[in-house]
Amino acid sequence: MRRIVFILFLIVVFYSFLTGNNTKKGPGNRSQHVLAYDQQRDKIILYGDTTRETWELSGKKWTLMNTTGPIPALKSAMVYDETNMNIVLFGGYDLNRKRFNDTLLWDGAKWSKKKSRKTPAPRSNHAMCYHSKLGKIVLYGGIDRVLWTWDGKSWEKLASYTLGPIPSFSYNSMVYDSIRNRLVHHYEKATWEWDEEKWIKVSDNGPKRSFHAMAFDKERGKVVLFGGTEYVKSLNETWEWDGIKWDKVSETGPSPRQDHAMVYDPKQKKVVLYGGSGLMEKPFRHFRKLDDTWAWDGKIWAKIETSVDESTSLKSTKATGDAQKTKTKRLDKITSLGIPFDTKFKKEKIKVYIVKILTGFKTVTRAVAPYGTLTEKIKKIAQKKGYKQGDLVRFVMGEKKGSIKIVLSTEKWDN
């Protein structure tokens, strides 16, 4: 019996060693996932790997926004559509290696599927960027060498294009240089650019990389490349492309890795990196998914010591519903009935949402974006004012922390 207990103990210790610290500090171990920056809400959105979870990062806080994503997609592509103000996810594959060609939109609270008369074929390992001059999302690679554009309603092949970089079926990393108005694609040692008319190989002397990540630093006008593999070796070098040449700018920071994700955060003016897969040497050589968050400011990498905002993250525990049953008045759900607009409130730039308080639900559902994290606060204000279930209300949120006002739709307030 003691021998069995001892063996079980060793198994637990060994598993803990492999998985690392279980303290919840973010979305958890992730690889082959995607990041995008939601400009409307000033949040970094994470989706992908083997779960259906959607997370958002604000400062040092990760929040679980949704657990019912469309598909547990790996090797998909995701970008913010500045024209239509939503996140667009396309393609990827599941655990059975089945590839998809679904176009999925994230509005800050839920995912929805968008149909198009034409659509790219199912694929993975492709890349997408928002092209500000075209006002459209551009997709490249995965299974072919064709450029596609998305205008918010339909996909279209570009009427004028030349065959792009190869091998497009293996791996693609592409960003949009908004200063020079160029798509920049890098794989192995070759760097290609697209000028709206044709693809041009502009360098064959770049870092030999695959399974790396790139982001365009708008503040500094540089393409930032980190990590990836050279042959089978994972690296942690940081390179920058200025439109003329590649420069190695750092060999410190995040550990060597591949299949990580990066995105530029214009609010912080930094490139943010999350996760990936790294080679561990102990207790034996193996790859392990990573769960760390880093930021690059153009000079150094700094690790962001993040945590999960438990007060606002979605919870699926039964205790939440049971606790609500003990209340005589329940304000369990707040749903959107309108679109936010800018106005003035106490000399602050604010956004106004029209929301409706509903009851009869066993669990608390989040409020709509971008202020879903304020659900409990809004509910307390509503309860204090004595609003009844089903009342149509409006709430106003200022830029200053805690500046909230909530009134019935029939009431007035000073703008």
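A short reminder: the numbers here are calculations on the coordinates, not readings from a lab. Computed from a prediction, not measured in an experiment: that's the story for all the values here. Cβ sites come from the backbone with ideal geometry, for glycine too, and all protein chains shown count toward neighbours.
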What do you get for Rg/Rh over the stretch 24-308 if you use C-alpha atoms and the Kirkwood form of Rh? 0.93
Quick query: amide H of SER203 versus all other amide H atoms, modeled in the peptide plane; which residues come in under 5 Å with a sequence gap of 5 or more or a different chain? THR191
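Which values, in whole Å and largest first, are the semi-axes of the equivalent ellipsoid of the stretch 128-214 obtained as the square root of 5 times each eigenvalue of the Cα gyration tensor?
On the way: eigenvalues 85, 38, 28 Å².
In descending order, the three semi-axes are 21, 14, 12 Å.
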Rg [Å, one decimal], Dmax [Å, integer] - the stretch 32-147, C-alpha atoms: 13.5, 41
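Going down the list LYS115/LYS267; LYS75/LYS218; LYS270/LYS299; LYS222/LYS299, which pairs span over 22 Å between their C-alpha atoms? Don't skip to the end; give the middle numbers.
Working: LYS115/LYS267 33 Å; LYS75/LYS218 25 Å; LYS270/LYS299 10 Å; LYS222/LYS299 12 Å.
Listed pairs above 22 Å: LYS115/LYS267; LYS75/LYS218.
Taking the highest mean first, how do the peptides 147-157, 206-216 order by number of other beta carbon atoms within 10 angstrom per residue?
Working: 147-157: 17.0, 206-216: 21.0.
So the order, starting with the most tightly packed, is 206-216, 147-157.
Can you pick out the pairs among LYS133/LYS269; LYS110/LYS384; LYS98/LYS303; LYS98/LYS289 whose Cα atoms lie more than 32 Å from each other? Walk me through the numbers on the way to the answer.
On the way: LYS133/LYS269 22 Å; LYS110/LYS384 29 Å; LYS98/LYS303 35 Å; LYS98/LYS289 22 Å.
As for pairs spanning more than 32 Å Cα to Cα, those are LYS98/LYS303.
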With a Förster distance of 56 angstrom and the Cβ-Cβ distance between SER311 and ASP242, calculated FRET efficiency to the nearest 0.05 equals 0.80
